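Peer 1: Handing you this structure, nothing more for now.
The values are calculated or read from the model by the stated rules, or taken from the named source; none is laboratory data. From a predicted model like this one, the values you see are computed outputs, not experimental measurements. Please note: Cβ atoms are built from the backbone with ideal geometry, for glycine as well, and neighbour counts cover all protein chains shown.
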Amino acid sequence: MKGSNASCIDSCGELKAKAGDEMERKLEIDKSADVIRLEGVSFSYNGTPVLRNINLLVEKGEFLAILGPNGSAKSTLLKIMLGLLVPKAGEAKIFGRKIKNFKEWNKIGYISQHASNTNISFPATVMEIVSSGYYPGFGKIFNKSKIKEAAEDALKEVGISHLATKLLGHLSGGQRQKVFLARALVKKPEALFLDEPTTGIDAASQREFYELLDKFHKEGGTVVMVTHEVDAALRIADKVGYMEDGEISVYENNDSLSKILAYRLLGKSARRGI
Ligand SMILES: Nc1ncnc2c1ncn2[C@@H]1O[C@H](COP(=O)(O)OP(=O)(O)OP(=O)(O)O)[C@@H](O)[C@H]1O
Ligand SMILES: [Mg+2]
């Protein structure tokens, strides 16, 4: 009897420990529904504050467009989300983890502002540029044929397989944007972070680009896109964030949003005159 009691106590303890582990794992899974969580984030460049106490949640499968005037720190905010800049205060989490503990960078695709206009004289082919986006994971071996296969898939998905052997500098602006989208997609990411991805490209190329993004989103992908294209944001995003004076206001994309944005986009000085 004593023995069985003892074993009951042991096994009950074990069961409790198991339940605790289970709970922790569950919490970890629940937390992973958040792709981005910013809590009280502030940031300054050389002592000049540009972000003040930002709280922001981007959930899995959501499409958030970020609008705001030049210099309102949209690119800075995107870089904070990706750990390229470190907040001066507050905390940034990605897929439920503090950025410094996050390792699964293959889940993320990023197109930086002006990506397609930099290094255009660099003698690299489209295939090489797209392949360079493939990172097998820390400590893992680069498998050439796997990378080639992934790059070919990404080129096909974006509809530019025919450009594979062309030099980047020999392409049009719209074609270059698609190359960078293919580069961002090559790892089959779960979330895309795009900083003004369609600036300077014609209406038809913009439409094609947004169709690809829409497809990615409809298949469950998460998108955070900085843009100045209000119409596109209203058409494609689930939520729209408007940045001004170091702060962000996030709105659901519903019938009244276009009125709110029209008012905010007028600019402060124009609003004073209303
Ligand atoms: N590396 C830097 N050093 C110092 N100040 C910077 C730096 N990068 C940006 N800034 C300043 O921080 C502010 C926010 O810049 P940011 O590039 O994030 O704005 P943005 O909203 O992306 O603008 P845009 O619409 O023009 O791309 C601006 O006032 C800018 O001058
Ligand atoms: Mg910017």
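Peer 1: Given the conditions (1) hydroxyl-bearing (Ser, Thr, Tyr); (2) within 16 Å of ligand 2 (Cβ to nearest atom); (3) more than 27 Å from residue 53 (Cα to Cα), report the number of the one that residue 205 does not fulfil.
Peer 2: (2)
Peer 1: Tell me yes or no: at least one residue of the stretch 248-271 is under 30 Å from residue 150 (Cβ atoms), in contact with a Phe, Trp or Tyr (Cβ under 8 Å, 6 or more places away or on another chain) and of a type in the set (A, V, I, L, M). Let's see the steps before the verdict.
Peer 2: Taking the stretch 248-271 and keeping what is under 30 Å from residue 150 (Cβ atoms), we get none.
No.
Peer 1: Provide a single number: the residues in the stretch 63-109 that are away from ligand 2 (no atom under 13 Å from the Cβ), out of contact with any Lys or Arg (no Cβ under 9 Å at 6 or more places or on another chain) and at positive phi.
Peer 2: Number of matching residues: 1.
Peer 1: Among the residues of the stretch 27-43, how many are closer than 20 Å to residue 193 by Cβ, modelled with pLDDT under 95 and either among the acidic types (Asp, Glu) or crowded, with 17+ Cβ neighbours inside 10 Å (or both)? Spell out the reasoning first.
Peer 2: Initially, the stretch 27-43 is screened for residues closer than 20 Å to residue 193 by Cβ, giving 31-39, 41, 43.
This time we only want the ones that are modelled with pLDDT under 95, so: 31-34.
This time we only want the ones that are either among the acidic types (Asp, Glu) or crowded, with 17+ Cβ neighbours inside 10 Å (or both), so: 34.
Residues meeting the conditions: 1.
Peer 1: Being touching a residue at least 24 places away in the same chain (Cβ under 8 Å) and farther than 16 Å from residue 34 by Cα is the filter here, so list the residues in the stretch 81-102 that pass it.
Peer 2: Listed by number, the residues that qualify are 85, 87, 88, 89, 90.
Peer 1: Would you point out the residue of the stretch 161-201, among those that are within 30 Å of residue 76 (Cβ to Cβ) and basic (Lys, Arg), that is nearest to ligand 1 (Cβ to nearest atom)?
Peer 2: Just the residues of the stretch 161-201 that are within 30 Å of residue 76 (Cβ to Cβ), to begin with: 168-169, 171-201.
Cutting the leftovers down to basic (Lys, Arg) gives us 176, 178, 183, 187-188.
Details: 176: 18, 178: 21, 183: 21, 187: 25, 188: 28 Å.
Step by step, filter the stretch 161-201, then rank; the result is 176.
Peer 1: Related question: Considering only the stretch 201-209, I want to know if a residue exists there that is modelled with pLDDT of 90 or more and among the hydrophobic types (A, V, I, L, M, F, W, C). So that I can check it myself, show each step before the final result.
Peer 2: In the first step, residues of the stretch 201-209 are kept if they are modelled with pLDDT of 90 or more; the result is none.
Looking for residues that are modelled with pLDDT of 90 or more and among the hydrophobic types (A, V, I, L, M, F, W, C), one finds none in the stretch 201-209, hence no.
Peer 1: So, one more: Could you please find all residues in the stretch 154-165 being surrounded by fewer than 19 Cβ atoms within 10 Å (Cβ to Cβ) and under 21 Å from the mean Cα position of the chain (by Cα)? Write out each step before concluding.
Peer 2: Let us first name the residues in the stretch 154-165 that are surrounded by fewer than 19 Cβ atoms within 10 Å (Cβ to Cβ), namely 156-157, 159, 161-162, 164-165.
If the condition is that a residue be surrounded by fewer than 19 Cβ atoms within 10 Å (Cβ to Cβ) and under 21 Å from the mean Cα position of the chain (by Cα), then 157 is the only one that fits.
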